[in-house]
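The next block holds one structure in the form of structure tokens; read it before the comments.
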Amino acid sequence: MPKPLDIDDFLQGSGPILDVRSPGEYERGHIPGAVSFPLFTDDERAQVGTCYKQVGREAAVELGFDIAGPKCGEFVRAAKSLAPDYQLRVHCWRGGMRSGGIGWILELAGFTVHLLDGGYKAYRRWVRETLATPKPIVILGGMTGSGKTLILQELAALGESVLDLEGLANHRGSSFGALLLPPQPSTEHYENLLADQWASFPSDSQGLAPKDQRPIWLEAESRRVGTCRIPDELFAQMDAAPAVEVVRSVDERLDLLVEIYGEASTEELVAATERIRKRLGGDRTQTAIHHIQSGNLREACAIILDYYDRAYRHDLERRPRDIPQIDISGLSPAASAHYLHLLEKISHVDALVDAPVEVSENLRP
């Protein structure tokens, strides 16, 4: 029979991960990188579940065999294409009959199969525990259009640890944030993606000396990034972390916003503007929409930016401490990232909030 592994050994094991839950379960959330390999379709799973409730376990098991039996050859052929070295990891929801059944079939076909003890349910417990693990972080703040996401990408290129909250959510964090991006993941899968990356960063528990504990850079966000919710365990760490704010001129910020959203359709831009009508105000909303329909996106962005700037300042006021500002006007995202990278290396995490204003003029490229 296939050998069960605990979650840590399972994640570090070899071979593709086959998620044998139904397509609908997989879509709601799955282990990053796992392949959907359903034993039952959504309808078939519902049939087996109904049979279990109305008739009993024995009848449900027989129905399951009736449904899955004719698919055995298909399962083996699909597994061969996914794992030519015949090494596989398999899981279902609780580590029960679905993963056990597929594992048994594939072992008969010559595969070495490892099952996840406790199934996807155990993985979800691991997600919560992982996101609660404290790690040194620095929050990068800045008004809309400051280029924070681009700077984070450049910091990652310099070797810094970066958790891209917006990139993983497929959303830029505003009413306009979903434009020109793929659909967002579910909040459940967003948590999985975050935990997958969070686990890859060093933690205090690994015995690193303070001087060796490199911070993880995250963009300042509210609890929601579009429809995705940042997990409470991670948001609490963000709320308590040191932060720095990058500052650009309004003209530069407008240039960047026009560059980002200039490819969006008029209909999409108008709909996004309508979503903030209540907060923007009726007159300003209509004026912004008029500019959009007239092809003057820059003027529309200037009106909308005023609202987001006021909202940003309001959020800053709730923080119990001042946040130092770093003027990056005139700098490219790469130069800005290099600037922050040098600041962090000199001042380190605990002192970062005090150092930038004092050393910035000496480090400015």
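The values are calculated or read from the model by the stated rules, or taken from the named source; none is laboratory data. Keep in mind it's a predicted model, so treat the numbers as computed, not measured. Here the Cβ is made from the backbone with ideal geometry for all residues, glycine too, and neighbour counts use every protein chain on show. Heavy atoms of the whole protein, side chains included, go into the accessibility calculation; ligands, DNA and RNA do not. Shrake-Rupley method; radii C 1.70, N 1.55, O 1.52, S 1.80 Å.
Quick look at the numbers
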read-out	value
Projected label distance in nm at ARG94 and GLN286, using a 7 Å step from Cα toward the beta-carbon	6.0
The stretch 82-228: antiparallel DSSP beta bridges as a percent of all, rounded to 5	10
D (Stokes-Einstein, µm²/s), Kirkwood Cα radius, the stretch 159-306, 1.567 mPa s at 4 °C	74
Equivalent-ellipsoid semi-axes of the stretch 1-156, from the Cα gyration tensor, Å, largest first	36, 19, 15
Nearest-ten-degree value, helix 282-293 long axis tilted from longest Cα axis of the chain	80
The stretch 58-132: C-alpha pair distances exceeding 19 Å, %	44
Linear extension gain, GLU27 paired with LEU108, 0.36 nm per residue minus alpha-carbon span	26.3 nm
Of all accessible heavy-atom area on the chain, the percent that carbon and sulfur account for (1.4 Å)	52
Cα-based equivalent ellipsoid, the stretch 97-212: semi-axes from gyration tensor eigenvalues, Å	34, 22, 13
Amide H contacts under 5 Å for GLU219, placed H, 5+ residues apart	LEU140, LEU165
Potential extension, GLN325-ASP43 segment - 0.36 nm per residue separation minus Cα distance	96.0 nm
Folded to 0 to 90 degrees: helix 119-131 orientation relative to the chain principal axis, Cα	20
Candidate values (i) 19.6, 62; (ii) 25.0, 77; (iii) 18.9, 54, label of the one derived for Rg and Dmax of the Cα atoms in Å	(ii)
Rounded to 5, the percent of DSSP beta bridges in the chain classed as antiparallel	5
Prolate/oblate/rounded label for the stretch 246-305 (Cα gyration tensor, a/c 1.5)	oblate
Degrees between helix 148-157 axis and first principal axis of the chain (Cα, 0 to 90, nearest 10)	60
Exposed trypsin sites (Lys or Arg not before Pro) absent - longest run of the chain, DSSP non-H/G/I/E/B, at most 11 other C-beta within 10 Å	1-317
Residue-normalised accessible area of the stretch 1-146, expressed per residue, 1.4 Å probe, Å²	49
